[in-house]
1. For the residue pair GLN299 and HIS213, what label-to-label distance in nm results when each label sits 7 Å from Cα along the Cα-to-beta-carbon direction?
2. Using the Karplus curve 6.51 cos²θ - 1.76 cosθ + 1.60 with θ = phi - 60°, what ³J(HN,Hα) values do you get for each residue of segment 147-157, in whole Hz, with x for Gly and Pro?
3. Which Cys in the chain stand alone, with every other cysteine's Cβ at 4.7 Å or more from theirs?
4. Using a 7 Å offset from the Cα along the Cα-to-Cβ direction at both ASP240 and ASN280, what is the distance between the two label points in nm, to one decimal?
5. I'd like the trypsin sites (Lys or Arg not before Pro) in segment 39-145 restricted to DSSP loop residues with at most 12 other Cβ atoms within 10 Å, sorted by number.
6. Label 7 Å along Cα→Cβ of ALA98; segment 6-45 residues with amide nitrogen under 17 Å?
7. For LYS19 and GLN192, what does the FRET efficiency come to when R0 = 51 Å and r is the distance between their Cβ atoms, rounded to the nearest 0.05?
8. Among the listed pairs LYS66/LYS203; LYS66/LYS313; LYS49/LYS313; LYS66/LYS306; LYS13/LYS49, give every one whose C-alpha distance is greater than 22 Å.
Amino acid sequence: MANSLLSVSQLYKSYPLSKRQFLHAVDGISFDVHAGEVLGLVGESGCGKSTLGRCLLRLIPISSGKILFEKHDITHMKESALRPLRARMQMVFQDSYASLNPRRRIGDSLAAPLQVHKDAHGNKRSSAIIRERLHELLDLVGLPPSTLNRYPHEFSGGQRQRINIARALTLSPRLIVADEPVSALDVSVQAQIINLFADLQEKLSLTYIFISHDLAVVRQISTRVAVMYLGTIVELGRTDSVLLSPMHPYTRALTEAAPRPIIGARRPITLRGDIPSPINRPTGCRFHTRCPLSQLRCQTEEPSLKNVTDSRKVACHFPQY
């Protein structure tokens with residue numbers, strides 16, 4: 001689309017287990033992320049959310065498909081050509097402690113990107129300019145300047161995640177992929193970090209892909225939401241529309257299984273059995289083995305993700321209106 005910051009087409013990522021056996025982590029995903037929006041990515045553990053996030057930033061190689069970032073085809077771009085673009089797309093990981101080098105002071109970790117990447121004029125940054133930028137970053141995430149001289153183990157989980165957010169912002173990116181950034185934090189701290197993400201988006205005109213299994217968190221921060229199941233997207237649309245009036249049976253089951261169900265006017269859906277293996281997924285609709293609304297067509301024909309309204313896409317032969 002014309003204002004797409006990121007465009008993904010038929011993305012696949014498989015891991016070979018043997019000569020004839022593959023684990024299909026990401027299985028034919030296509031979507032666009034518009035500049036300035038927050039796209040929430042939800043689904044059960046093991047559905048491929050984190051793998052997709054890493055593929056989008058070229059942190060791991062993809063098997064096939066196409067990724068456009070700022071109109072640049074980065075799918076198979078060499079690392080030397082990709083390096084300037086990496087400054088404009090960053091990631092915040094789930095484990096705030098593992099994301100930081102325990103032997104380096106916070107100031108050294110935050111300064112590293114500024115030392116590696118040159119400024120807009122192609123010049124190396126001076127120590128004074130780097131230190132000024134670090135103070136600015138700490139102020140943005142609500143931490144004191146003394147943070148720079150301390151080590152990761154001296155901070156709480158919430159403080160470390162603020163540091164990781166600051167590091168992601170170091171080179172003024174346009175896109176940030178946040179992979180379960182609050183799932184390891186206490187509920188009260190989660191709210192503070194979510195509010196920080198929202199404030200930073202407004203101040204800096206950022207675009208997020210926000211990966212989470214918590215529907216309440218996704219609803220709070222996301223503009224649109226994509227629901228993943230077994231390596232693919234089964235529903236995509238505006239957040240409140242999808243979560244309050246889900247059309248795919250799996251999305252409906254997710255919303256009803258939440259600790260505080262988002263919907264409840266209709267008869268609840270009860271899923272059958274366990275999630276199939278991504279090594280040998282079912283034929284036809286990959287959800288039909290668990291879906292109480294499954295029909296014969298679902299067992300033989302895989303539904304494509306298609307428009308059912310102007311702002312909603314669903315991969316289901318019999319979407320629920």
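1. Going by the 7 Å Cα→Cβ label model, 3.1 nm.
2. 4, 4, 9, 10, 9, x, 5, 7, 10, 6, x
3. Taking the Cβ cut-off of 4.7 Å, the unpaired cysteines of the chain are CYS47, CYS55, CYS291, CYS316.
4. Result: 4.6 nm between the two label points.
5. Values: sites: LYS49, ARG54, ARG58, LYS66, LYS71, LYS78, ARG86, ARG88, ARG103, ARG104, ARG105, LYS118, LYS124, ARG125, ARG131, ARG133; in loops: ARG58, LYS71, LYS78, ARG88, ARG103, ARG104, ARG105, LYS118, LYS124, ARG125.
Here the trypsin sites (Lys or Arg not before Pro) that fit, given the DSSP loop and packing criteria, are LYS71, LYS78, ARG103, LYS124.
6. 45
7. Numbers: r = 50 Å, r/R0 = 0.97.
My answer for the efficiency is 0.55.
8. Numbers: LYS66/LYS203 31 Å; LYS66/LYS313 20 Å; LYS49/LYS313 18 Å; LYS66/LYS306 19 Å; LYS13/LYS49 12 Å.
Violating the 22 Å limit, Cα to Cα: LYS66/LYS203.
No lab work stands behind these numbers, since they all come straight from the coordinates. Quick caveat: nothing in here was measured; it's all calculated off a predicted structure. Please note: Cβ atoms are built from the backbone with ideal geometry, for glycine as well, and neighbour counts cover all protein chains shown.
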